[in-house]
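Following: one structure in structure tokens, then a few remarks.
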Amino acid sequence: MRRYLVVANRTLGGEHLKAKIRECMAAGPCQFYVLVPATHDPGTMTWTEGHDHALAERRLVDGLARLAELGATGDGEVGDPNPVQAISDVLLREQFDEIILSTLPPGVSRWLKQDLPHRVERDFSLPVTHVIATEEPATAS
């Protein structure tokens with residue numbers, strides 16, 4: 001059974017990600033582990049780590065519910081605000097066949113500005129599938 005680590009935050013509910021999950025499921029038996037880094041939303045003027053973590057937790061719960069609606073098996077967690085550190089933390093105790101990294105589009109995505117897809121592939125020696133949202137889906141706020 002293939003295991004996928006899905007890394008997403010603001011794009012977790014997007015159609016682009018649902019399509020990729022359906023594709024994985026069509027390829028054979030699989031499980032998903034959703035990692036939501038508790039990153040800070042730059043659109044807010046005031047914030048706390050607790051607020052960012054609570055927002056990520058709501059997104060995780062919503063994302064796992066969407067997985068279940070698709071018929072997918074999955075679990076997940078809220079991770080470190082730094083997505084590379086969050087992935088590293090999970091990979092210390094779990095094994096995966098592939099990482100699915102979901103980002104906002106170029107120009108909007110801070111993760112793309114950090115070259116996250118290439119960094120993750122280089123640092124963790126796992127195949128990385130990068131999926132890009134066409135727009136930010138409605139998520140918990």
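What follows is calculated from the coordinates using simple rules that are stated; it is not laboratory data. Predicted model only: the values in this text are computed from it and were never measured. Ideal geometry is used to build each Cβ from the backbone, glycine not excepted, and the neighbour counts take in all protein chains shown.
Key figures for this structure:
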{"quantity": "Amide proton proximity set for residue 13, modelled H, under 5 Å, gap of 5+", "calculated": "none"}
{"quantity": "Integer Hz, Karplus 6.51/-1.76/1.60 couplings in order for segment 78-83, x for Gly and Pro", "calculated": "8, x, 3, x, 7, x"}
{"quantity": "GNM top mover of 56, 65, 38 - the chain, alpha-carbon springs below 10 Å", "calculated": "65"}
{"quantity": "Local electrostatic count, residue 22, Cβ distance below 12 Å [Lys/Arg +1, Asp/Glu -1]", "calculated": "0"}
{"quantity": "Value at 222 nm in deg cm²/dmol, rounded to 500, when DSSP H runs of n ≥ 4 in the chain each add -39,500 (n - 2.57)", "calculated": "-12500 deg cm²/dmol"}
{"quantity": "Long-range amide H partners of residue 6 with built H, under 5 Å", "calculated": "33, 34, 35, 100"}
{"quantity": "Computed over the chain, Cα set: Rg, Dmax in Å", "calculated": "13.9, 45"}
{"quantity": "Exposure proxy ranking, count of Cβ atoms within 10 Å, fewest first, for 1, 25", "calculated": "1, 25"}
{"quantity": "Footprinting exposure proxy for 124, 96 (fewest neighbouring C-beta atoms within 10 Å first)", "calculated": "124, 96"}
